[in-house]
Amino acid sequence: MSLPNDDPRKTLLIAILLCLACSILVSTAAVALKPLQQANKENDIKRNILAVTGVNQEAGTLDELFARFEVQLVDLATGEYADTDIEPTSFDQRRAASDPSTSTRLSSAQDIAGIGSRSDLAPVYILRDGDEIDQVVLPVHGYGLWSTMYGFLSLEGDFETIRGLQFYEHGETPGLGGEIDNPRWRSQWQGKKIYDDNDQLNIRVLRGYVDADSPQAKHQVDGLSGATLTAQGVSNLVNFWLGEHGFGPYLQRMRNEAGVI
């Protein structure tokens, strides 16, 4: 440090020391804040699950309200609850989907949601009214125009009527594809039927508007103006996760047990 201020060696030394100090500071902050970031992420998931089911979030603390949900891991291939020691509330579905040992690679024909691989297990969030299932919340995701959209789809206890659809993470264009966050558009999903009279999966987002007088109206949702590809992405991801490669086997089993079919 006794070198003259205009000596290039002193300038280089100070720059190195400054970079070293900043890197230590940033690394320390990242490590220290990681538990807080994880907690915030988990709380955001809980808030979205409460929102998609219509639970009054002012009726108690976040943890108290979320404790009303029974969380189970489903084996998507069989539709049965998984026999595993994994704690359902700590299961990382994204990480599992990226690991070949815990996921299934989808063919192009199967992969209508554009996700590449599907985790072999997936959590479901069950809300009961006494001994009866009131709603079941399914995590869903799929590709839109610019991003993978992550959200939750809630079904009524008949396992065929939609209660709500809510996205908590996406990168779609604000004012266009970003309208999937618009409460007015999301409200259209409530009450829609996912199966037709022949018990076939039949739910989709249109390119235009739903004809209220059409017999198919109960299976359809208005499109998004100027965001055709995002709307198609939503339609695809909903159909994938409700279909045979998603939660379809689970829903069929639960409908059988409930005497719906």
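Throughout, read-outs are computed from the coordinates displayed, never taken from laboratory work. Note that the structure is predicted; figures quoted are calculated from it, not measured. For neighbour counting, all protein chains shown are included, and Cβ atoms are generated from backbone atoms with ideal geometry for every residue, glycine included.
Would you be able to tell me the number of residues in region 103-127 that are hydroxyl-bearing (S, T, Y), touching a Leu at 6+ places or on another chain (Cβ under 9 Å) and surrounded by fewer than 18 Cβ atoms within 10 Å (Cβ to Cβ)? Quick ask: steps written out before the conclusion?
Our first condition is that a residue be hydroxyl-bearing (S, T, Y); within region 103-127, this holds for 103-104, 107-108, 117, 119, 125.
Now drop any that are not touching a Leu at 6+ places or on another chain (Cβ under 9 Å), which leaves 104, 117, 119, 125.
Those left that are additionally surrounded by fewer than 18 Cβ atoms within 10 Å (Cβ to Cβ): 104, 117.
Here the count works out to 2.
Filter region 74-114 for residues that are in contact with a Lys or Arg (Cβ under 8 Å, 6 or more places away or on another chain) and assigned to a loop (DSSP other than H, G, I, E, B); which is farthest from T230 (Cα to Cα)?
Per the criteria, the residue is G79.
Suppose we filter G233, G191 for residues that are surrounded by fewer than 14 Cβ atoms within 10 Å (Cβ to Cβ) and either touching a strand residue (DSSP E or B) at 6+ places or on another chain (Cβ under 7 Å) or part of a strand (DSSP E or B) (or both); which single one remains? Spell out how you get there, then give the answer.
Numbers: G233 fails: surrounded by fewer than 14 Cβ atoms within 10 Å (Cβ to Cβ).
Being surrounded by fewer than 14 Cβ atoms within 10 Å (Cβ to Cβ) and either touching a strand residue (DSSP E or B) at 6+ places or on another chain (Cβ under 7 Å) or part of a strand (DSSP E or B) (or both) holds for just one of G233, G191, which is G191.
Identify the residue in region 58-91 that is surrounded by 13 or more Cβ atoms within 10 Å (Cβ to Cβ) and out of contact with any strand residue (DSSP E or B) (no Cβ under 9 Å at 6 or more places or on another chain) and, among all such residues, is nearest to G157 (Cα to Cα).
G79
Mind listing just one residue for me: the one in region 45-57 that is of a type outside the set (A, V, I, L, M, F, W, C), in a helix (DSSP H, G or I) and touching a residue at least 40 places away in the same chain (Cβ under 8 Å) and, of those, surrounded by the fewest Cβ atoms within 10 Å (Cβ to Cβ)?
Restricting attention to region 45-57, the residues satisfying the condition of being of a type outside the set (A, V, I, L, M, F, W, C) are 46-48, 53-54, 56-57.
Among the residues that remain, those that are also in a helix (DSSP H, G or I) are: 46-48, 53.
Still in the running and touching a residue at least 40 places away in the same chain (Cβ under 8 Å): 48, 53.
On the way: N48: 19, T53: 21.
Applying the filter and picking the extreme gives N48.
Residues being of a type outside the set (K, R) and assigned to a helix (DSSP H, G or I): count how many of those fall in region 134-188.
Our first condition is that a residue be of a type outside the set (K, R); within region 134-188, this holds for 134-162, 164-183, 185, 187-188.
From what is left, the residues that are assigned to a helix (DSSP H, G or I) are 177-181, 183, 185, 187-188.
Summing the residues that are of a type outside the set (K, R) and assigned to a helix (DSSP H, G or I) in region 134-188 gives 9.
Of the residues W185, W241, only one is crowded, with 17+ Cβ neighbours inside 10 Å, among the aromatic types (F, W, Y) and within 25 Å of R118 (Cα to Cα); which? Talk me through it step by step, then tell me what you get.
Details: W185 fails: within 25 Å of R118 (Cα to Cα).
It is W241.
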